[in-house]
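A short worksheet on the structure shown next.
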Amino acid sequence: MGKKNGKVVENPEGETSKRSPTLCGTNYPLSISFIVVNEFCERFSYYGMKALLTLYFMRYLHWDKDLSTAVYHAFSSLCYFTPVLGALIADSWLGKFRTIIYLSIVYVIGHVVKSVGAIPDVGDTTTHIVLSILGLVLIAFGTGGIKPCVAAFGGDQFTEEHAEERTKFFSIFYMSINAGSVLSTVITPILRGDVQCFGGDCYALAFGVPALLMIIALVVFIAGSGLYKKNPPEGNILLKVCQCIGYAIKNRWRNRKKSHKRAHWLDWADDKYSKRLIHEIQMVLRVLVLYIPLPMFWALFDQQGSRWTLQATRMNMDFGGFILKPDQMQMLNALLILVFIPIFDIGVYPLVRLCGIKLTPLRKMASGMILAALAFVAATVVEMGVTNTVVDPPLAGQSLLKVLNLAATDVQVTVPGSVPFPLPIRPYEATQEYQRLELNGVNQSLTVTVEIAGSSTPCALVLTEQTAYSLILYREAAGLQCRLVEDQIIKSEHGDAYLRFVNAYQEHLNLTVGDQDFYAPKGHGVTPHEVVARGEYTDVMCKAGQEEHAVNLGLLDFGASYTIVLKGVNDSAVGSEGRVVPHKMEDVRANNVHIAWQIPQYTLITAGEVFPSGWFSTQRRISAASSRDPVIFFTLTHPSATSYLLLNIITRTTAFKTQVTRAFWGPSSKTQVTRWTRIACDASVLRLQWVEFLLFASLLVAVSIIFSIMAQFYTYVDGDQLDSMFPAGDEEEDNLKKDQINLSPNPGTDRDYKATKM
């Protein structure tokens, strides 16, 4: 019980509460401030955690990119299915308030479990995987469960006469969502990469901060408990709708032999259910049919956190001293949404109307799909540039070979059964490209011929499949020497550089570059490749015996692999006196495509998300209100859950095709093709990512055409029709109005409810 205007009013949930005081003399109830802060903290925790997932799977759990992408989208899919459970609990049992409380506790537990799973000292890899997956499942049930309740619960705090304030509240609510998203996707990658713990990236801290924010969200929400207006559970509307549909189908089947027909097959339920409910379900079904092509749009949209983030790891992230993290680029979406919405409403739409073009809501939808397809065309162009810096690794039955000439004169190298290396290979230079060699088995011995100063020298080599090598040629008193060493051609996933030294100096050398120590024995000793953080190394101390020399290595750039030959002042190197001189060679090119080139694809995908706001903001709102349940139908009509499943199917299919193609063209294949045809096929398989992006763009264009055709037959839903067709007095009218109050009248009450922004 509570008081209203001096009278005690009944609290349906059995609790005592007073009408919430207002904010600063306005008509805004004080209770909404707790809800807005709760939503900001919850969105910070969700997006901050999610931004890290793909890199966490690859770098911490050591999964490949296809498995990482699949699990990422499976988690996202679960987050969009679980709102059905949360809606059922709220509608049929606990009500919105208690549902938010209890499932937020599950949410917090999930964050804590996820953070513990990111501590290397806790168990082995299996333990980390189990804790990580368990934490993600709990988070999915938590965030999905409260998703359909929080916005509607905020709407409950307003009376019907304050509809304008309620509309503005949803705008503030929406701003808090995007603010939480922007800040979290900037901050948590910094906590991951810039803070080191347990000898590497601090995922435990990066996941722990979102966990703390979720705890704060729960505490803040509970703190406002005495101020909230708490409506009772409204019954399982989904069950009633399903029963109505089932009854109509069953009744139609029973009367299939009768000549009597109904205008709509749902009208066969009119002897048991009200005409208004039947009409509302018809309106919802019309909207649902038009949703069929939409999952492809969201399948592409959510790749910002998976494929696009992986693309960013292979790009140059330097902004003039500020190094951007690859997972921070995701914040562009939320930031651009806040910029685009007023620009579109104030500038773009009026300008289009002035040009005499009628932009109906469904045309906006189709235009949004085209913009998203163009985003993936832009991503394709970027990916092609990124791929040009990558060395395609050798497949089964192949190895790669390049030559490093440390002799004083030009050399020519010929590999039996292969095209000679380009001529000449000058002193202290290496061949620009690797030569792909076909082997007869897992290992093969072959003898290459080295021509130098008019004489030929044979070099016996033993090559292993799927390995890249450098053949180092140098002179000693005994003549020309050959040394075969393995190369590091796979780029660092962290954007670091790989570095090794070849000692052509007369003393053993010790160097420290960043955190890595190198020991290079004399006699052209070669150090192993070590990971070195990207940066300028202009004063590296090199110890030669009792002497120390300052060596300038210059910039060791993102993703490159370097071989640095250390020699004396004279080109003859061996035996020369004086300081140590570095001669740097780039075995694998640095990431020379700047990450800023991702801005066009983010801009296009965000414009594609915002562009068609009109139709979704009206049709979804009406369809939800029509069903008398803004929670369940808001979830059921959301296409994102299906889209993530679709994306998983596509990505796993392309990964499967990669393996099939490799097997088909591999050396064990009985298919008779030329060696160069196989090499060309290998290259296309290894550079499959840009093909996948282009495939996505093509599929979305096809879907937009299908959607445009379907839109020609769509009749817009008008909520005012209900009032004229079913005047006040209908037994369900009061409940409908109540649900319409609870429903957000503003598009985009949650970034996760993406379609509302459309």
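The values are calculated or read from the model by the stated rules, or taken from the named source; none is laboratory data. All figures in this text were calculated on a predicted structure; none of them were measured in a lab. So basically every Cβ, Gly included, is an ideal-geometry build from the backbone, and we count neighbours across all protein chains shown. SASA here: full protein model, heavy atoms, side chains in, ligands and nucleic acids out. Shrake-Rupley method; radii C 1.70, N 1.55, O 1.52, S 1.80 Å.
Among the residues of this structure, Glu161 counts as one that is loosely packed, with under 15 Cβ neighbours inside 10 Å and either of a type in the set (Lys, Arg) or outside any loop (DSSP other than H, G, I, E, B) (or both).
A count restricted to the stretch 522-539 and to residues that are open to solvent by 10 Å² or more (accessible area, probe 1.4 Å) and assigned to a strand (DSSP E or B) stands at 6. If we scan the stretch 359-366, do we find a residue that is under 30 Å from Ile341 (Cβ atoms), part of a loop (DSSP other than H, G, I, E, B), of a type outside the set (Val, Ile, Thr) and at pLDDT below 85? Yes, because at least one residue in the stretch 359-366 is under 30 Å from Ile341 (Cβ atoms), part of a loop (DSSP other than H, G, I, E, B), of a type outside the set (Val, Ile, Thr) and at pLDDT below 85. Checked against (1) among the hydrophobic types (A, V, I, L, M, F, W, C); (2) in contact with a Cys (Cβ under 8 Å, 6 or more places away or on another chain); (3) without any contact (Cβ under 8 Å) to a residue 40 or more places away in the chain, Leu566 passes all but a single condition, namely (3).
Number of residues in the stretch 226-268 that are open to solvent by less than 70 Å² (accessible area, probe 1.4 Å) and either more than 41 Å from the chain's Cα centre (by Cα) or among the hydroxyl-bearing types (Ser, Thr, Tyr) (or both): the value is 9. When each of Arg262, Arg307 is tested for being farther than 30 Å from Val150 by Cα and touching a Ser or Thr at 6+ places or on another chain (Cβ under 9 Å), the lone residue that passes is Arg307. Of the strands (runs of 3 or more DSSP E) contained entirely in the stretch 398-477, those carrying at least 2 residues that are of a type in the set (D, E, K, R) fall at 435-438, 467-476. Counting residues in the stretch 141-158 that are open to solvent by 10 Å² or more (accessible area, probe 1.4 Å), outside any helix (DSSP H, G or I) and touching a strand residue (DSSP E or B) at 6+ places or on another chain (Cβ under 6 Å) gives one or more.
When the residues of the stretch 102-127 are narrowed to those that are of a type in the set (Gly, Ala, Ser) and open to solvent by less than 10 Å² (accessible area, probe 1.4 Å), which ends up nearest to Phe40 (Cα to Cα)? Within the stretch 102-127, the match that is nearest to Phe40 (Cα to Cα) is Ser104.
Let's see how each residue does on (1) within 16 Å of Tyr469 (Cα to Cα); (2) open to solvent by 20 Å² or more (accessible area, probe 1.4 Å):
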position	(1), (2)
Gly347	no, yes
Pro350	no, yes
Cys355	no, yes
Leu359	no, yes
Ala366	no, no
Ile370	no, yes
Thr414	yes, yes
Pro422	no, yes
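Scanning the stretch 34-48 for residues that are out of contact with any Leu (no Cβ under 7 Å at 6 or more places or on another chain) and of a type in the set (S, T, N, Q) returns a single hit, Asn38.
For Thr449, the criteria (1) within 44 Å of the chain's Cα centre (by Cα); (2) of a type in the set (Ser, Thr, Tyr); (3) surrounded by fewer than 20 Cβ atoms within 10 Å (Cβ to Cβ); (4) over 30 Å from Thr606 (Cβ atoms) hold in every case but one, which is (1).
Answer with yes or no whether Val130 is open to solvent by 20 Å² or more (accessible area, probe 1.4 Å), part of a helix (DSSP H, G or I), in contact with a helix residue (DSSP H, G or I) (Cβ under 6 Å, 6 or more places away or on another chain) and of a type outside the set (Phe, Trp, Tyr). In short, no.
Condition check ((1) more than 23 Å from Lys491 (Cα to Cα); (2) of a type in the set (Ser, Thr, Tyr)) across all residues:
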{"residue": "Met296", "(1), (2)": "yes, no"}
{"residue": "Phe319", "(1), (2)": "no, no"}
{"residue": "Asp327", "(1), (2)": "no, no"}
{"residue": "Leu332", "(1), (2)": "yes, no"}
{"residue": "Ile346", "(1), (2)": "yes, no"}
{"residue": "Gly368", "(1), (2)": "yes, no"}
{"residue": "Thr380", "(1), (2)": "no, yes"}
{"residue": "Pro394", "(1), (2)": "no, no"}
{"residue": "Ser399", "(1), (2)": "no, yes"}
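Of all residues in the stretch 469-521, those that are within 22 Å of Val581 (Cα to Cα), open to solvent by 20 Å² or more (accessible area, probe 1.4 Å), of a type outside the set (Phe, Trp, Tyr) and within 37 Å of the chain's Cα centre (by Cα) total 5. Among the candidates Ser184, Ser176, which residue alone is closer than 30 Å to Ile101 by Cβ and modelled with pLDDT of 90 or more? Just one listed residue meets the conditions, Ser184. Of all residues assigned to the stretch 198-205, none qualifies as being among the acidic types (Asp, Glu), touching a residue at least 24 places away in the same chain (Cβ under 8 Å) and within 24 Å of Phe141 (Cβ to Cβ). Taking the stretch 285-300 as the range and being open to solvent by 10 Å² or more (accessible area, probe 1.4 Å) and touching a residue at least 40 places away in the same chain (Cβ under 8 Å) as the test, the residues that pass are Arg286, Leu288, Val289, Tyr291, Ile292, Pro293, Pro295, Met296.
Scanning the stretch 62-77 for residues that are open to solvent by 20 Å² or more (accessible area, probe 1.4 Å) and out of contact with any Phe, Trp or Tyr (no Cβ under 8 Å at 6 or more places or on another chain), we see that the one that is farthest from Leu310 (Cα to Cα) is His62. Among the residues of the stretch 96-127, those identified as part of a helix (DSSP H, G or I), within 23 Å of the chain's Cα centre (by Cα) and more than 15 Å from Leu78 (Cβ to Cβ) are Val108, His111, Val112, Val113, Ser115, Val116, Gly117. Evaluation of Ile599 against the conditions (1) surrounded by fewer than 16 Cβ atoms within 10 Å (Cβ to Cβ); (2) at pLDDT below 90 shows that the sole unmet condition is (2). Taken over the stretch 372-397, the residue count meeting the criterion of being buried (at least 20 other Cβ atoms within 10 Å of the Cβ), touching a helix residue (DSSP H, G or I) at 6+ places or on another chain (Cβ under 6 Å) and not in a helix (DSSP H, G or I) is 1. Of the residues Gln282, Gln303, which is open to solvent by less than 20 Å² (accessible area, probe 1.4 Å) and among the polar types (S, T, N, Q)? One residue alone meets the criteria, Gln303. Regarding the stretch 88-101, can at least one residue be identified that is farther than 30 Å from Leu324 by Cα, aliphatic (A, V, I, L, M), crowded, with 24+ Cβ neighbours inside 10 Å and without any contact (Cβ under 8 Å) to a residue 60 or more places away in the chain? For the stretch 88-101, residues farther than 30 Å from Leu324 by Cα, aliphatic (A, V, I, L, M), crowded, with 24+ Cβ neighbours inside 10 Å and without any contact (Cβ under 8 Å) to a residue 60 or more places away in the chain: absent.
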